[in-house]
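Only one structure is covered here, and it is reproduced in the block below.
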């Protein structure tokens, strides 16, 4: 079994869309040699294989898709999976559609034929497919609880992968796919550890390893006690992947490293603000700052954007943008509204994220919170302002259907809302009327 994780609390899947060709990122993305995949064939601190594959916003799944004994990378967008059998990336060889876009996806050899395939998890229900192809599940089983963390492995060496569920630092291991009690219950590590599974010593049985920052503690048996092997590898912020990269029968580590987030705060002048500021506005240019920060765009490329906010809020805004970057939330475009001649309608129509603009509230005469640099509108085309009679921008009308999941949309309780709320900002999408899905402010207005 092979899996990928970036959580500090357990195994999870990663987000978003993919380009499918190995090599440097295209489309104006930031190119950095210190980013990409770093795969290790042994238990030391040096990667044997360093390369870039796809986009950094891809969800990555690791498996032996063709039964050749070597693991390779597959990337996912929605419920489409693009499969490559080349250990270090390459052009996707075929596409598989399975499950739903929001499913949690697991990888394993469920029937012991030597080839990994997919399963999707919905709560405590697992839909297992024994072919790497679309179609109905071969098995639908229930195991554990919806809140359990799940690890996949061949725990008894019979060639078939099954599930283990984790509650805190206790693991409930099942040696067959089906309902019923665990075959083994074991404690290992700490509740806050990240858990990995692999055949670390090549004996045919998968066992656990736990990750703490950049340190890995490997156990070669399913049992409590001290680790059999420990290693520091990569950085605490890296995503970890597990696989047999060279076909020798031993699973080892790899990491995927993102381009680093960068932000700076710079002073602004009246000239910088252009038509978005004029004498008599409620704050002078000296009370504003431009936050210059990297962000993901809709295509999974790294861009550099700028947003003008109140000087006192610039640090919080940089921290919010870092959270959104870490979550790989796409910001379509982020430039000061001055680039649109302070025309808020034009900025919204371009799906531009902006903050300061010395203007009145929509439909009123008093100053908007934007005139103080205390509000930010995020991806306004796909997060429109909505009343019973108005949608702004008008082209945002299809996105009044908030059940949609288009790139850059914001939903109640999601990573965007949480990132702003953590710094005391509130979301206009929670208002009863109007619904201002793009709007965040420090004052609730």
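The values are calculated or read from the model by the stated rules, or taken from the named source; none is laboratory data. Quantities reported herein were computed from a predicted structural model and do not represent experimental measurements. FYI the Cβ positions are ideal-geometry reconstructions off the backbone, even for glycines, and counts take in every protein chain you see.
Figures for the structure shown
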| item | result |
| --- | --- |
| Odd one out for residue 110, checked against (1) closer than 22 Å to residue 196 by Cα; (2) outside any loop (DSSP other than H, G, I, E, B) | (2) |
| Residues of the stretch 336-373 that turn out to be part of a strand (DSSP E or B) and more than 33 Å from the chain's Cα centre (by Cα), as a count | 2 |
| Candidates 418, 402 - the one that is in a loop (DSSP other than H, G, I, E, B) and either at negative phi or touching a helix residue (DSSP H, G or I) at 6+ places or on another chain (Cβ under 8 Å) (or both) | 402 |
| Test: residue in the stretch 68-84 that is at pLDDT below 90, more than 30 Å from residue 148 (Cβ to Cβ) and not in a loop (DSSP other than H, G, I, E, B) | no |
| Residue count, the stretch 258-294 (criterion: in contact with a strand residue (DSSP E or B) (Cβ under 9 Å, 6 or more places away or on another chain), within 19 Å of residue 375 (Cβ to Cβ) and assigned to a loop (DSSP other than H, G, I, E, B)) | 5 |
| Count of the stretch 81-94 residues which are closer than 20 Å to residue 110 by Cα and without any contact (Cβ under 8 Å) to a residue 24 or more places away in the chain | 1 |
| Residue 288 being in the same structural domain as residue 357 (by TED's automatic domain parsing), closer than 21 Å to residue 320 by Cβ, buried (at least 20 other Cβ atoms within 10 Å of the Cβ) and modelled with pLDDT of 95 or more | yes |
| Residue check for residue 148: closer than 30 Å to residue 184 by Cα, out of contact with any strand residue (DSSP E or B) (no Cβ under 6 Å at 6 or more places or on another chain) and free of Cβ contacts under 8 Å to residues at least 60 places away in the same chain | no |
| Odd one out for residue 376, checked against (1) touching a helix residue (DSSP H, G or I) at 6+ places or on another chain (Cβ under 9 Å); (2) over 22 Å from residue 435 (Cβ atoms); (3) part of a strand (DSSP E or B) | (2) |
| Options 316, 297; residue that is surrounded by fewer than 22 Cβ atoms within 10 Å (Cβ to Cβ), under 12 Å from residue 376 (Cβ atoms) and either in contact with a strand residue (DSSP E or B) (Cβ under 8 Å, 6 or more places away or on another chain) or not assigned by TED's automatic domain parsing to the domain that holds residue 59 (or both) | 316 |
| Within the stretch 30-54, considering residues that are in contact with a strand residue (DSSP E or B) (Cβ under 8 Å, 6 or more places away or on another chain) and over 20 Å from residue 233 (Cβ atoms), the one surrounded by the fewest Cβ atoms within 10 Å (Cβ to Cβ) | 30 |
| Residue in the stretch 195-211 that is in the same structural domain as residue 108 (by TED's automatic domain parsing), surrounded by fewer than 16 Cβ atoms within 10 Å (Cβ to Cβ) and either touching a strand residue (DSSP E or B) at 6+ places or on another chain (Cβ under 9 Å) or closer than 30 Å to residue 79 by Cα (or both) present | no |
| Test result for residue 328, crowded, with 18+ Cβ neighbours inside 10 Å and within 18 Å of residue 261 (Cβ to Cβ) | yes |
| Test: residue in the stretch 392-413 that is touching a strand residue (DSSP E or B) at 6+ places or on another chain (Cβ under 8 Å), within 23 Å of residue 268 (Cβ to Cβ) and touching a residue at least 40 places away in the same chain (Cβ under 8 Å) | no |
| Residue in the stretch 349-370 that is out of contact with any helix residue (DSSP H, G or I) (no Cβ under 8 Å at 6 or more places or on another chain), touching a residue at least 60 places away in the same chain (Cβ under 8 Å) and buried (at least 16 other Cβ atoms within 10 Å of the Cβ) present | yes |
